[in-house]
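Undergrad: Encoded as structure tokens, here's the structure I'll be asking about.
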Amino acid sequence: MKLRYLTAGIILATGCSLQAKDEMGEEAKPAVITIPSQASNQELQLAIGELLNAPRVRIATDAFTRSSLLSIEKTPHQDPSGNMIMGRNFEMPVMIQLMISNNTCYVRDENSGRSQPLPETQCQAE
């Protein structure tokens, strides 16, 4: 009985990962944004927040305009008065890559391989 559940879990996990890859396509290429705008920046922030399960992500207005890669670090902890708390953050930054496939831009988390489409953002292959 346990073997059935294990087999079903593996099949389900494999199917979900294949579905996520199929959306972006095998021919996806690294890309850069061609026409940055406030709307595209907002779309990027929401998509990256979705990938990272983060309620709020802030990125520069020129993100992905010169390179297809973006390194994102967690915001340092602060005390109640707004001063940074001393200490070290040993977590590695998350690498996000902008990709294009079938004339649609996507952001992809390099660690998990998950991607989110950016229907309003205009980009071209790097």
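The values are calculated or read from the model by the stated rules, or taken from the named source; none is laboratory data. All values derive from a computational prediction rather than experimental measurement. A quick note on method: Cβ atoms are made from the backbone with ideal geometry, for glycine too, and the neighbour counts reach across all protein chains shown.
Undergrad: Please state which of the following conditions E73 fails to meet, knowing it meets all the rest: (1) closer than 18 Å to C123 by Cβ; (2) of a type in the set (D, E, K, R); (3) at pLDDT 75 or above.
TA: So the condition that E73 fails would be (1).
Undergrad: Out of (1) under 16 Å from the mean Cα position of the chain (by Cα); (2) farther than 23 Å from A39 by Cα; (3) polar (S, T, N, Q), the odd one out for Q78 is which?
TA: With (1) under 16 Å from the mean Cα position of the chain (by Cα); (2) farther than 23 Å from A39 by Cα; (3) polar (S, T, N, Q) applied to Q78, the lone miss is (1).
Undergrad: Also, I was wondering about something else. Report yes if some residue within segment 68-84 is under 25 Å from E26 (Cα atoms) and without any contact (Cβ under 8 Å) to a residue 12 or more places away in the chain; otherwise report no.
TA: Within segment 68-84, not a single residue is under 25 Å from E26 (Cα atoms) and without any contact (Cβ under 8 Å) to a residue 12 or more places away in the chain.
Undergrad: Quick one: would you say R66 is among the basic types (K, R) and surrounded by 11 or more Cβ atoms within 10 Å (Cβ to Cβ)?
TA: Criteria not met by R66.
Undergrad: Now, a different point. Restricting to segment 28-66, give me the number of residues that are within 13 Å of the chain's Cα centre (by Cα), of a type outside the set (S, T, N, Q) and assigned to a helix (DSSP H, G or I).
TA: Result for segment 28-66: 9.
Undergrad: Are any residues in segment 100-122 farther than 17 Å from E43 by Cβ and among the polar types (S, T, N, Q), and if so, which ones?
TA: Within segment 100-122, N102, N111, S112 qualify.
Undergrad: Then there is this: Among residues belonging to segment 36-62 that are touching a strand residue (DSSP E or B) at 6+ places or on another chain (Cβ under 8 Å) and in contact (Cβ under 8 Å) with a residue 24 or more places away in the chain, point out the one that is nearest to C123 (Cα to Cα).
TA: My answer is S40.
Undergrad: Within segment 85-109, work out how many residues are touching a residue at least 60 places away in the same chain (Cβ under 8 Å) and basic (K, R).
TA: 1
Undergrad: Looking at segment 72-104 only, could you name the residues that are β-branched (V, I, T) and part of a strand (DSSP E or B)?
TA: If the condition is that a residue be β-branched (V, I, T) and part of a strand (DSSP E or B), then I72, V94, I96, I100, T104 are the ones that fit.
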